[in-house]
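Scroll down for the structure; my scribbles are underneath it.
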Amino acid sequence: MESMLSNLTPVHAPSIPDCFLLPADHIHRATGAAAAAASSLPVIDMSLPRDEVRAAILDAGKEHGFFQASSIDLVINHGVPEKVLRDMEAVCEEFFQMPAADKAEFYSDDKSKKNRLFSGSSFETLGEKEVVGNYTVLVRGLAMEILRLLCASLGLRPDYFVGDISEGRIVLDINRYPPSPDPSRTLGLPPHCDRDLITVLLPGAVPGLEVAYNGDWIRVQPVPNSFVVNFGLQLEVVTNGMLRSVEHRAATNSSETRTSVATFIVPADECVVGPDERFVGEENPARYRAMSVGEFKRTHNVVNLGSSFQSTNLKNNQKCT
Ligand code: OGA
Ligand code: NI
């Protein structure tokens with residue numbers, strides 16, 4: 001814990017503790033070819049006419065499971081979003097700049113704790129209630145707007161994702177990636193699919209997020225004042241695989257600390273999620289079983305430590321075949 005809590009820099013940490021090292025052949029380095037082919041993730045200007053945004057989200061979602069959402073201020077009637085984002089970043093920075101002993105108070109392996117710092121990624125909600133509250137309202141508004149637009153594209157009623165399916169406790173993960181003396185042997189986050197309905201990530205200015213694409217990784221170049229949005233496994237299940245939850249990971253770099261804020265829109269634990277009948281038919285049998293989100297969370301194997309390129313890792317417990 002000591003090494004994780006200190007503000008690691010290459011000067012302070014010339015070598016990496018063994019527990020953070022992965023075998024070299026487990027990190028399939030991004031070759032850049034995928035990024036060149038796909039020129040990073042699609043960036044969608046959220047202020048365009050609704051029909052255009054709707055079509056762009058569906059296209060990006062089907063192709064990548066990911067997109068970047070820019071010009072969010074015109075969509076969400078919520079004061080000046082840019083200030084909300086900067087305040088949120090400042091609160092995160094303040095937290096991580098605290099002395100290790102103060103941060104240690106938040107350290108816990110107990111997943112039921114509301115606010116915690118733990119090795120590998122994150123903790124839920126920070127102390128600055130107003131800043132975090134404003135941020136959460138803004139992000140949730142954006143997520144719900146994107147879900148509404150998806151409903152229109154998918155032939156679902158506009159409020160399909162309102163209620164239990166999106167109203168579990170919002171989880172906010174603040175990921176802190178210190179510089180790594182050897183980025184070729186370390187990952188900030190191993191390859192995984194998010195287990196929620198939809199994720200809205202404030203990626204920060206330092207690149208690091210990589211998204212699986214055609215057997216390679218796209219290195220995401222963050223666009224200022226934009227969010228990275230991706231579909232979670234629950235959305236994949238509801239749409240019977242029409243929208244996919246795509247694997248992603250966080251790479252490290254040797255010079256700059258990176259901080260990102262992931263907001264997960266999660267169904268309530270008792271909510272039973274399965275493929276909606278509109279996506280199931282003779283030609284298209286159900287690919288997933290329905291199960292409560294609580295059971296899903298208990299049984300789902302979260303991450304692959306290696307360099308897998310599964311477009312989904314649902315098969316462990318929910319796939320029908
Ligand atoms: C996550 C995640 C990516 C990043 O928190 O689930 O994928 O770039 N984060 O921090
Ligand atoms: Ni993720």
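The values are calculated or read from the model by the stated rules, or taken from the named source; none is laboratory data. Since the structure is predicted, the reported quantities are computational estimates derived from the model, not experimental observations. A quick note on method: Cβ atoms are made from the backbone with ideal geometry, for glycine too, and the neighbour counts reach across all protein chains shown.
Laid out as a table, the results:
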quantity: Filter result for Glu167 (at pLDDT 80 or above and assigned to a loop (DSSP other than H, G, I, E, B)); calculated: yes
quantity: Residue match in region 240-248 (condition: within 12 Å of ligand 1 (Cβ to nearest atom), under 25 Å from Leu149 (Cα atoms) and of a type in the set (S, T, N, Q)); calculated: yes
quantity: Arg176, sole failed condition from (1) within 14 Å of ligand 2 (Cβ to nearest atom); (2) assigned to a strand (DSSP E or B); calculated: (1)
quantity: First in region 261-288 and under 30 Å from Val84 (Cβ atoms) and within 16 Å of ligand 1 (Cβ to nearest atom), second anywhere and charged (D, E, K, R) and not in a loop (DSSP other than H, G, I, E, B), Cβ under 6 Å, 6 or more apart; calculated: Ala262/Asp173
quantity: Condition met for Pro191 (within 13 Å of the chain's Cα centre (by Cα) and under 26 Å from Tyr107 (Cβ atoms)); calculated: yes
quantity: Matching residues in region 224-249 - criterion: being under 17 Å from Leu189 (Cα atoms) and assigned to a loop (DSSP other than H, G, I, E, B); calculated: Gly232, Ser245, Val246, Glu247
quantity: Complete set of residues in region 224-234 that are touching a residue at least 60 places away in the same chain (Cβ under 8 Å) and under 16 Å from the mean Cα position of the chain (by Cα); calculated: Ser226, Phe227, Val228, Val229, Asn230, Phe231, Leu233, Gln234
quantity: Test for Val206: is it at pLDDT 90 or above, under 22 Å from Leu85 (Cβ atoms), within 15 Å of ligand 2 (Cβ to nearest atom) and of a type in the set (Val, Ile, Thr); calculated: no
quantity: Check on Glu283, over 26 Å from Arg185 (Cα atoms), assigned to a loop (DSSP other than H, G, I, E, B) and not small (Gly, Ala, Ser); calculated: yes
quantity: Output for region 189-223, where each listed residue is in contact (Cβ under 8 Å) with a residue 24 or more places away in the chain, more than 10 Å from ligand 1 (Cβ to nearest atom) and assigned to a loop (DSSP other than H, G, I, E, B); calculated: Leu197, Asn214, Gly215, Gln221, Val223
quantity: For Ser166: the one exception among (1) closer than 30 Å to Glu277 by Cα; (2) without any contact (Cβ under 8 Å) to a residue 60 or more places away in the chain; (3) not charged (D, E, K, R); calculated: (2)
quantity: Subset tally (residues that are assigned to a loop (DSSP other than H, G, I, E, B) and charged (D, E, K, R)) for region 250-269; calculated: 2
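Quick grid of which residues meet (1) modelled with pLDDT under 85; (2) crowded, with 19+ Cβ neighbours inside 10 Å; (3) out of contact with any helix residue (DSSP H, G or I) (no Cβ under 9 Å at 6 or more places or on another chain); (4) of a type in the set (A, V, I, L, M):
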position	(1), (2), (3), (4)
Leu48	no, no, no, yes
Gly65	no, yes, no, no
Ser70	no, no, yes, no
Asp73	yes, no, no, no
Met88	no, yes, no, yes
Glu93	no, no, yes, no
Met98	no, no, yes, yes
Asp110	yes, no, yes, no
Ser119	yes, no, no, no
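Results for (1) of a type in the set (A, V, I, L, M); (2) under 28 Å from Pro178 (Cβ atoms); (3) more than 14 Å from ligand 2 (Cβ to nearest atom); (4) touching a helix residue (DSSP H, G or I) at 6+ places or on another chain (Cβ under 6 Å), shown as yes or no for each residue.
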residue: Asp216; (1), (2), (3), (4): no, yes, yes, yes
residue: Leu235; (1), (2), (3), (4): yes, no, no, no
residue: Gly241; (1), (2), (3), (4): no, no, yes, no
residue: Glu247; (1), (2), (3), (4): no, yes, no, no
residue: Thr252; (1), (2), (3), (4): no, yes, yes, no
residue: Ala268; (1), (2), (3), (4): yes, no, yes, no
residue: Glu283; (1), (2), (3), (4): no, no, yes, no
